[in-house]
1. If you check A:A164 against the conditions, is it among the aliphatic types (A, V, I, L, M), out of contact with any strand residue (DSSP E or B) (no Cβ under 8 Å at 6 or more places or on another chain) and modelled with pLDDT under 75?
2. Among (1) at pLDDT 95 or above; (2) more than 14 Å from every other protein chain (Cβ to nearest Cβ); (3) surrounded by 11 or more Cβ atoms within 10 Å (Cβ to Cβ), which single condition is B:H106 missing?
3. Given the conditions (1) touching a helix residue (DSSP H, G or I) at 6+ places or on another chain (Cβ under 8 Å); (2) open to solvent by 60 Å² or more (accessible area, probe 1.4 Å); (3) small (G, A, S), which single one is not true for A:G327?
4. So which of A:A106, A:A67, A:A110 ends up being at the interface with chain B (Cβ under 10 Å from one of its Cβ atoms) and of a type in the set (A, V, I, L, M)?
5. Restricting the first residue to the range A:126-145 and requiring it to be at the interface with chain B (Cβ under 8 Å from one of its Cβ atoms), which pairs with a second residue that is of a type in the set (V, I, T) and open to solvent by 10 Å² or more (accessible area, probe 1.4 Å) meet a Cβ separation below 7 Å and a spacing of at least six or different chains?
6. For the range A:339-388, enumerate the residues that are closer than 23 Å to A:G10 by Cα, open to solvent by less than 20 Å² (accessible area, probe 1.4 Å) and among the small types (G, A, S).
7. So A:N90 clears everything in (1) farther than 22 Å from B:Y82 by Cα; (2) touching a strand residue (DSSP E or B) at 6+ places or on another chain (Cβ under 7 Å); (3) in contact (Cβ under 8 Å) with a residue 12 or more places away in the chain except one condition, right? Which one?
8. For a quick check of your reading of the model, give me the residue pairs whose first member lies in the range A:234-250 and is at positive phi, whose second is open to solvent by less than 30 Å² (accessible area, probe 1.4 Å), with beta-carbon atoms closer than 6 Å and at least 6 apart or on different chains.
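The values are calculated or read from the model by the stated rules, or taken from the named source; none is laboratory data. What you see is a predicted model, and the numbers here were worked out from it, not measured in a lab. So basically every Cβ, Gly included, is an ideal-geometry build from the backbone, and we count neighbours across all protein chains shown. To get the accessible areas, we keep the full protein, side chains included, count just its heavy atoms, and leave off ligands, DNA and RNA. Shrake-Rupley method; radii C 1.70, N 1.55, O 1.52, S 1.80 Å.
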Amino acid sequence: MHDVVIIGAGPAGLSAAISCRELDLDVLVVDEFPKPGGRLLGQLHQEPSGEWWNGILETKKLVDRAAELDTRIECGVSVHHIEKTETGFNTHTNQGIFPSENLLIATGAAESPAPIPGWTLPGVMSIGAAQVMTNVHRVRVGNKGIVAGVNVLSAAIAIELQLAGVELHSMVLPAKNAVNKHHANPKAVMEGLVRVAHLAPSPFIRFGSKFANNPLVRDIAVKFFPKGGVKMGDMPIHVRKSMIQINGTDKVESVTLANLTTDGEVIPGSEEIVEVDFVCIAGGLYPLAELAAVIGCPFQYVEELGGHVPVHNEQMETPVDGLFVAGNITGIESSKVAKDQGTLAGISIANRKYGKNADLEFSIIEAKKQVHRTRDNASIQFHPGIREGRQRIHQTYIAQEQANN
Amino acid sequence: MNKNRIMDHPVLESLGNPKKITFTFDGKKYEGFEGDTIASALLANGIRKLRVQEATGNPRSIYCNIGHCFECRVAVNGKQGYRACVTLIEENMAVDSGQVLPHPLHPDVEDLPKTYADYAKNYKKGGNPNA
C-alpha cells in the first residue's frame, strides 16, 4: 500500500512526487510514455529574456531531484481503471494493480482533433506529434509540410520545426465543420494571435500585438490581413485561407487551400493545390480527465480552462476523499504553472496523510502564492480568462462542500 | 537509417553516436537508435504506413504520437494491439503492420463462409475448428 500513486510523470506529477518524497511519503509514479517528462520533454522556445526554455533539460532537473529522493517512477505503465476501496484506491494498469491511500491524477492534456477530408492519410498528424518526433525522437516528420490551425501552441511548435530544419509552406485555418467554429473563424483566430505576440521577434508578432482585444480593430485587421500572409521566420501565417482537403492515395501528396471571407466562408473559385508531404493539425488542447471520471469525481465545463475539468479546490483536492489533481487536467496552462501545482498538490497530500498540521498548512499557503506568481509571470498565456475560470471551479468545490455538510 | 534523423540541432544537444538496434518490420530488417519507439525508428527509415483500416484497407500512420489515438497499432512478436508510438524497439523485435480483417458485413456476401466448417477452413490456423 503506497501513501500515494501519481498518474503522469510530467511536470505536475514529478513535482508532486518530489514534494511528497521531501515529506517522506511512500510514492509510486506511473506513466505510459517510455520516458518521464510528459509534454514538457518536447518544449523548446525562447523566453522574452532571450533565454531558451529547453524541456529536456527542465525534465532532467526534475528527474534528477526525484532520483536523489529515491522516488519510484515506472514508465510504460498504462492505467485503464481506478477503483475506490475502503482504505483508498486500486489503480489498475497493464503491469498489475497498485493500491494506495491517496491518488494524484496528473494526466495533462490531449489535443482536440480538427477533422479535414483526407486526414487519415499517413503523413497527417497532430502538431504535438510533430513536436515529439522532432525534439524528443529527433526524426524529421517530412521534407515540406503545412500547418492547419493557428493558435498559441501551433505557432510555438512551427518555430520549433523550422529550428530543426524542417520546411513549412505556411500556417492556415482548418476546414470549417460543426465542431471547430473557433479554429476555422478568422476573427476568433485573430484574437488568439495576440497572445503569441512575444514568441519570436518577427513582423507577424508586431502585426498581431497591435490589435489587442478590441473587436473593431480586430475585424479591421482580419479584413486587411495581407494577402501573402504575415511572415513568422520564412513562413507565412494566413487567417483568410483554409485547408479544405488533404490529397493522396497511400500518403499525403498535396493539400487544397481556399480563400475565406472575413466570416470564414470559402470563396468559390479561389482553390489552389499546394504540394507537401506532411500536414500538422492543430485543434488546441483539452484536459485529459477520463480517469477522474472513472472514479466518480464531479466535473464542470469551464471554457477558460479548456473544457470539462474535475471539480477541485485551490489546494488541488477533489470532492472524492483522497483524490487530488494537478497540472493541465485542471485547466490548460504552461508547464511552469503545472510544476507549481504539482508541488502544492504534494504538500496537500502530505497534509492529509499526517492529519493536518500548522507547518504543512503554512507550506500550502506559500505554495498557492507561488502558483499565482508563476501564472502572473507566464510568457505563454493559453486563455485570457484563466483566473476567472480557476475561481469558478474553486467556487463550485466550496458550494458542493457546503451542500454536503 | 539516418536519412530523416536530426543529428545536429542549433539548440538541443547533438545526438552523438547512439547504440544501434536492429528489428524487423513485416519481415524486413531495419536499424533504429536505442530509445526509439517503433514509430520513430520506422519514420527515420522513411516508413509512414503502420497499418490499414481493418475493414477498408485504407492506410494509417501515427496521428497523436503520444498514445491517445490508437491509430498506430501494430503487432509485436506475434501479439497484436501495441501502440507503435509508445513501444520502444528492442534487439531482434519482430514488428508487423496491421492488416485487413474478415468483416461480418463485407459487401460481397459470396465471400462469407456459409458454414462453420467453411469459416474454420478459411480463417483458422490449419483449418482446425477448435484452434
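1. It is false that A:A164 is among the aliphatic types (A, V, I, L, M), out of contact with any strand residue (DSSP E or B) (no Cβ under 8 Å at 6 or more places or on another chain) and modelled with pLDDT under 75.
2. (1)
3. It fails just one condition, (2).
4. Numbers: A:A106 fails: at the interface with chain B (Cβ under 10 Å from one of its Cβ atoms); A:A67 fails: at the interface with chain B (Cβ under 10 Å from one of its Cβ atoms).
After ruling out the rest, the residue left standing is A:A110.
5. From the range A:126-145, the pairs are A:G128/B:I66; A:A129/B:I62; A:V132/B:I66.
6. Residues satisfying the conditions are A:G342, A:A345, A:G346, A:S348, A:A350, A:A367.
7. (3)
8. A:G248/A:L121
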